[in-house]
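Below is one structure, written out as C-alpha cells; comments come after it.
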There are 2 protein chains.
Amino acid sequence: MVTIKEVAEYAGVSVATVSRTLNNSGYVGKQSRIKVEEAVKTLGYYPNEIARSLYQKTSKMIGLLLPDISNPYFPLLAKGVEDYAQRNGYMVILGNVEDDEEKEEMYVKFFSQYNISGVLSAASGKKSQTYQVPFVLLDRALEEENYSIATDDQLGGELAAKAIIDAKGKQVVVMAGPGNVAGANDRLSGALSVLNDEGLSYQVFETHTYQVDKAEETAVELFESTRPFDSVIASNDVYALAVMKETIKRGHRIPEDIQIIGYDDMLFSRLMYPGLTTIAQPAYEVGYQGAKMLVDLIEKNSIEQKKVKLKPKLMMRDSLR
Amino acid sequence: MVTIKEVAEYAGVSVATVSRTLNNSGYVGKQSRIKVEEAVKTLGYYPNEIARSLYQKTSKMIGLLLPDISNPYFPLLAKGVEDYAQRNGYMVILGNVEDDEEKEEMYVKFFSQYNISGVLSAASGKKSQTYQVPFVLLDRALEEENYSIATDDQLGGELAAKAIIDAKGKQVVVMAGPGNVAGANDRLSGALSVLNDEGLSYQVFETHTYQVDKAEETAVELFESTRPFDSVIASNDVYALAVMKETIKRGHRIPEDIQIIGYDDMLFSRLMYPGLTTIAQPAYEVGYQGAKMLVDLIEKNSIEQKKVKLKPKLMMRDSLR
DNA sequence: ACTAAATGTGTAATCGGTTACAGAATGAGG
DNA sequence: CCTCATTCTGTAACCGATTACACATTTAGT
C-alpha cells in the first residue's frame, strides 16, 4: 500500500502538505497542490482509514444490530441501511444479536474497540445507554429519549381492521403477536380501536412466538380454540400463510368463507394463491432513513425529527372479499 | 476509553510489560503479571483494535460481499457467516454489490483502507485477483484457483429429476434458470442427465431473470409456450410458487394433475398449500463453512480441501405424487 | 517603502498499540 | 565464586495518518 510519506516524497513536499491538500484544510499553495494531486494520481494513493481513525478516534464505520437477519423482514431493512451507507462512504458492520443481551454487549465492546462512529439497532436497545456514540433505534421506539425510525404500527393495525370492515367481515379473530415483538401491541390496539368503533364482534387469539416451525401448530390451535369466524387479522404474513393453509385444508374457501389479512408484505405474499392481502411495512425505507438519520447525527447535521414514524400501506390482493 | 498507558501506570510497570502480559508474548515476571491483571480488571481495560491494527496491518474484520441481501437465499448464508465470525472474535462487514463491478471495486478499496483480513464473496468474483488478502468464494466456484464453498448443484438437479421420476412424472418441463445465476447450469445439467438416462420426454423452458415481479408472467408464459405436461422442475422456489399459483388458477390440481418441485427450500415453501416439495440448499452451512475456511486461511491453519461442495437435500412435501 | 496580515510549508507531537533492542536481575553449572 | 544463559523489564522506534506550532514568504494597506 502506498503511504502518505511516499506521496510526499514523490511530490517533493512534506506529509503535512499532502494531508492538507487531501483534506482541504489549512493553506496549500497552487504549485504544491498540483504536484500532490499528480503524485496521488500516478501512485494511486488512497489514505489508510485505520491510521486516520486512530488519531480522530472515529471512523467511517457504523454498526447494524439485528435480532435475526434470517427473519425476512430484516434483509430489506439491511439493504436500505447498506444503500445509504455506501452512497455516503460508510461501511456497515453486521451484528446478529438475537435479543441476547450477552451478544449485544459483545458488540458494544467490539464497536468501541474499532472506533465505530454510530450504531443502528433493531434489537432490544436496552444497552443503548452504553453506547458512547450516536445511536438510532429501528422499529423499536421506546419511551426513552432515543432517536428512532419506526413503522406506524398503530396505523397498520387500523388499516387492517378497516380493510376487514370494508370487506364486510362480521366475526373477526384478531391475532395478538407475541408481546415481546416490536410493534405487536400497537398493531393490536390499532385494530381493536377500529373494531370497537364499529361495534364489531371480535375475538383475540394470543400467539406466543414468531418461530416459523410453530406457525402451523398455531394455525390449528386457532381453529380449535375459537368460536366460528369469517375473518382473520393475522399478526404477520407467515401466520397468515399458515392460517390460509389450514383454512384450505379444512375445506373452507378464501375469501368466500373466510377472509384473511396479513402484515409485512413479504416476497411470497403476492405469489400465494390466492394472493394475500396485507399491510406492507416500509422496511427498506426504515433502514434507509435510519441510516440517514444516523449519519446526520454523526456529522452533526441538523435533524428534523427525533422520532420518525413511517406509514404502512394496504396491499389489496385476493384474500379479502 | 482506558489506554494501555493508564494500565501501565496503575500497575507500576511499562506499557511493554502490559502488552506482553496481554498477548502472552515474551517473558513476564510473576509479580508483574499479577499486577497487570489486577490493573486491567479494576480499570476495565480492553485494547483498542484500531491501534493494534495499524501496527499489525491486519484486523479482526472480514468482508462479506453479496449480490443482494434481500434475495431470500442470502440472509441465511449471512447468518452462518456471522455466527462463525462472532464465535471467533471477528466482525463482519456487509457489502451489497449487486453484481455491479463498480460497487465491488468500491469495496475492494474500502476493505484495503480498513486492513480487512479476509473476504468472503458470493458475488461475481471477477475482482478476486485484486484482493491482497485471503479470499473465499461462496456458491460461485469458478474454474480458477480460488478457495470456495458451494452447493453441489449438479447433484441438486439430479435429486429433483429423480424425485419426479419416483413420482411417476411422464411429461416434464425443466425450467432453465437464467444463465448468469450461480449454479443454474449445473442444476439443469444434473436434471437433464437423469431424465436422459431414464429416457423420459422433457421440454426445457428458459427463464431470463430471477426478479420476483417477473415470476408471475413467466408462469403464464410457461403454460402458453409448451406442450402439455404433468411435471415441472422449477428453477427455484419463487418460480415454483408462481407456477403453482398459475396451475391452480387454471383449475388443475396439485399434485394430481400437475406436480411441481422447487429449489431452495425457503421459509414459505413448507407453509404453502400444498406444501412444496423442494431441494433444500444448505445456505447457512455454506456461510458457516465459508467463514471457517476463511478464518483458517487468515490464521494459517491447515485446510483440508480447497474446494468444498455441500450436498443439497430433498424435502418431501405435498406437491409431488 | 514599511509594517501587519494573510498565506504557505515543514518539523514534530500525537493517537494507542506492538516489538526490537539493550541492560539488569536471576539462576545454573563448573 | 565466577561465568554464561535465561528471564525480566523498560526505552524508544514504528505503524500511517492529522494537526499544533514555528517560521518563511507573499500580499495588502497606508
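Quick notes
- Scope the stretch A:237-293; condition under 13 Å from the mean Cα position of the chain (by Cα), among the charged types (D, E, K, R) and either within 18 Å of A:A161 (Cα to Cα) or open to solvent by less than 10 Å² (accessible area, probe 1.4 Å) (or both); matching residues: A:D264
- Condition check for B:E38: assigned by TED's automatic domain parsing to the domain that holds B:L294 and away from DNA strand C (no atom under 12 Å from the Cβ): no
- Breaking point among (1) under 30 Å from B:Y107 (Cβ atoms); (2) in contact with a Pro (Cβ under 8 Å, 6 or more places away or on another chain); (3) of a type in the set (A, V, I, L, M), for A:L137: (2)
- Options B:Y84, B:Y55: the member that is free of Cβ contacts under 8 Å to residues at least 24 places away in the same chain, assigned to a helix (DSSP H, G or I) and more than 8 Å from every other protein chain (Cβ to nearest Cβ): B:Y55
- Considering the conditions (1) in contact with a strand residue (DSSP E or B) (Cβ under 8 Å, 6 or more places away or on another chain); (2) closer than 30 Å to A:F223 by Cα; (3) assigned to a loop (DSSP other than H, G, I, E, B), A:V133 is excluded by exactly one of them, (2).
- Residue within the stretch A:193-203 that is surrounded by 18 or more Cβ atoms within 10 Å (Cβ to Cβ) and either under 28 Å from A:I69 (Cα atoms) or assigned by TED's automatic domain parsing to the domain that holds A:D100 (or both) present: no
- Of the residues in the stretch A:59-71, not one is within 11 Å of DNA strand D (Cβ to nearest atom) and farther than 28 Å from A:D264 by Cα.
- Condition check for A:I62: facing chain B (nearest Cβ under 10 Å) and either more than 23 Å from B:Q86 (Cβ to Cβ) or open to solvent by less than 20 Å² (accessible area, probe 1.4 Å) (or both): no
- Scan of the stretch B:88-112 for residues that are under 18 Å from A:G63 (Cβ atoms), open to solvent by 10 Å² or more (accessible area, probe 1.4 Å) and in a helix (DSSP H, G or I), ordered by number: B:F110
- Residue that is surrounded by the most Cβ atoms within 10 Å (Cβ to Cβ) [pool: residues in the stretch A:41-52 that are hydroxyl-bearing (S, T, Y) and either within 16 Å of DNA strand C (Cβ to nearest atom) or in a loop (DSSP other than H, G, I, E, B) (or both)]: A:Y45
- Screening B:R20, B:R33 for residues that are surrounded by 15 or more Cβ atoms within 10 Å (Cβ to Cβ), among the charged types (D, E, K, R) and more than 8 Å from DNA strand C (Cβ to nearest atom) leaves exactly one candidate, B:R33.
- Looking across B:L222, B:L267, B:L276, B:L314, one residue alone is at the interface with another protein chain (Cβ under 9 Å from one of its Cβ atoms) and of a type in the set (A, V, I, L, M). It is B:L267.
- Which numbered condition A:A85 fails, given (1) surrounded by fewer than 22 Cβ atoms within 10 Å (Cβ to Cβ); (2) aliphatic (A, V, I, L, M); (3) closer than 25 Å to B:E105 by Cα: (1)
- Test: B:Y27 is more than 11 Å from DNA strand C (Cβ to nearest atom), more than 7 Å from chain A (Cβ to nearest Cβ) and farther than 21 Å from A:N115 by Cα: no
- Scoring B:E38 on the criteria (1) more than 9 Å from every other protein chain (Cβ to nearest Cβ); (2) over 19 Å from the mean Cα position of the chain (by Cα); (3) open to solvent by 30 Å² or more (accessible area, probe 1.4 Å); (4) touching a residue at least 40 places away in the same chain (Cβ under 8 Å) leaves a single failure, condition (4).
- Residue pairs whose Cβ atoms lie under 6 Å apart, separated by 6 or more positions or on different chains, with the first residue in the stretch B:237-248 and more than 9 Å from chain A (Cβ to nearest Cβ) and the second surrounded by 23 or more Cβ atoms within 10 Å (Cβ to Cβ) and in a helix (DSSP H, G or I), are B:Y239/B:A215; B:V243/B:A219.
- B:E9, sole failed condition from (1) among the acidic types (D, E); (2) away from DNA strand D (no atom under 16 Å from the Cβ); (3) open to solvent by 10 Å² or more (accessible area, probe 1.4 Å): (2)
- Here the stretch A:65-81 is the region considered, the condition is being free of Cβ contacts under 8 Å to residues at least 40 places away in the same chain and either closer than 25 Å to B:N48 by Cβ or surrounded by fewer than 24 Cβ atoms within 10 Å (Cβ to Cβ) (or both), and the residue that is nearest to the other protein chains (Cβ to nearest Cβ) is A:S70.
The values are calculated or read from the model by the stated rules, or taken from the named source; none is laboratory data. Note that the structure is predicted; figures quoted are calculated from it, not measured. When we count neighbours, we look across all protein chains shown, and the Cβ atoms used for this are built from the backbone with ideal geometry, even at glycine. Note: accessible area is taken over every heavy atom of the protein model, side chains too, but ligands, DNA and RNA are not part of it. Shrake-Rupley method; radii C 1.70, N 1.55, O 1.52, S 1.80 Å.
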